[in-house]
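Comments concern the structure below.
The values are calculated or read from the model by the stated rules, or taken from the named source; none is laboratory data. This structure is a prediction, so every number in the text was calculated from the model and none was measured. Cβ atoms come from the backbone with ideal geometry, glycine included; neighbour counts cover every protein chain shown.
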């Protein structure tokens, strides 16, 4: 996903031809329009992974609250979530993924306008398009919960899930209990989940 700048002109041309042949957007993830209730991993990142969300703890907190409020309006349930300085992940069940994407896009627009004013950077691009991945099975669902909660550890922000305040990990651990959380971690490992796109 982030290899474009490392490619030769010929590789870029071939990549674009393949994406167009599959009717995918040139530089953003394709979206699936699935009917009925489905659970998705939704990920969005700041442009070039710049740590714009993480400019301050207050910004991290207010963005987390706004993100969850947005999801409550367009999804049946948010199963897990995590906000990092330069991207976020959430696992949500929704009837209409297009409505949730649209609401997240509006949230991105509002935060871009506000943060660019705060940072005196009018016109700066803050967000890349979000992408969604439908859950294929219960195993995929549980590995995704582990992946989301482990993300701050993976990126070196904390040593334990529960130490990251902008995530559902502490609530998850409280509900599951330590033994059950350890069992789920071992039974549904993340392996190289998210490699090359996180």
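Picking from residues in the stretch 53-83 that are surrounded by 17 or more Cβ atoms within 10 Å (Cβ to Cβ) and within 14 Å of residue 110 (Cα to Cα), the one that is farthest from the chain's Cα centre (by Cα) is 59. Here residue 41 clears all of (1) over 19 Å from residue 131 (Cα atoms); (2) at pLDDT 95 or above except the condition numbered (1).
Can you find a residue in the stretch 150-160 that is in contact with a helix residue (DSSP H, G or I) (Cβ under 6 Å, 6 or more places away or on another chain) and either over 30 Å from residue 105 (Cβ atoms) or surrounded by 17 or more Cβ atoms within 10 Å (Cβ to Cβ) (or both)? The answer is no, given that none of the residues of the stretch 150-160 is in contact with a helix residue (DSSP H, G or I) (Cβ under 6 Å, 6 or more places away or on another chain) and either over 30 Å from residue 105 (Cβ atoms) or surrounded by 17 or more Cβ atoms within 10 Å (Cβ to Cβ) (or both).
Is it the case that the stretch 75-95 has a residue that's in contact with a helix residue (DSSP H, G or I) (Cβ under 8 Å, 6 or more places away or on another chain), more than 23 Å from residue 149 (Cβ to Cβ) and assigned by TED's automatic domain parsing to the domain that holds residue 146? No, because not a single residue in the stretch 75-95 is in contact with a helix residue (DSSP H, G or I) (Cβ under 8 Å, 6 or more places away or on another chain), more than 23 Å from residue 149 (Cβ to Cβ) and assigned by TED's automatic domain parsing to the domain that holds residue 146.
Taken residue by residue, the stretch 168-188 has at least one member that is under 18 Å from residue 138 (Cα atoms), part of a loop (DSSP other than H, G, I, E, B) and touching a helix residue (DSSP H, G or I) at 6+ places or on another chain (Cβ under 9 Å). When you look at residue 136, is it in a loop (DSSP other than H, G, I, E, B) and modelled with pLDDT under 95, yes or no? In short, yes. Can you find a residue in the stretch 52-71 that is outside any helix (DSSP H, G or I) and farther than 16 Å from residue 164 by Cα? Within the stretch 52-71 (the criterion being outside any helix (DSSP H, G or I) and farther than 16 Å from residue 164 by Cα), the answer is yes, since at least one residue qualifies.
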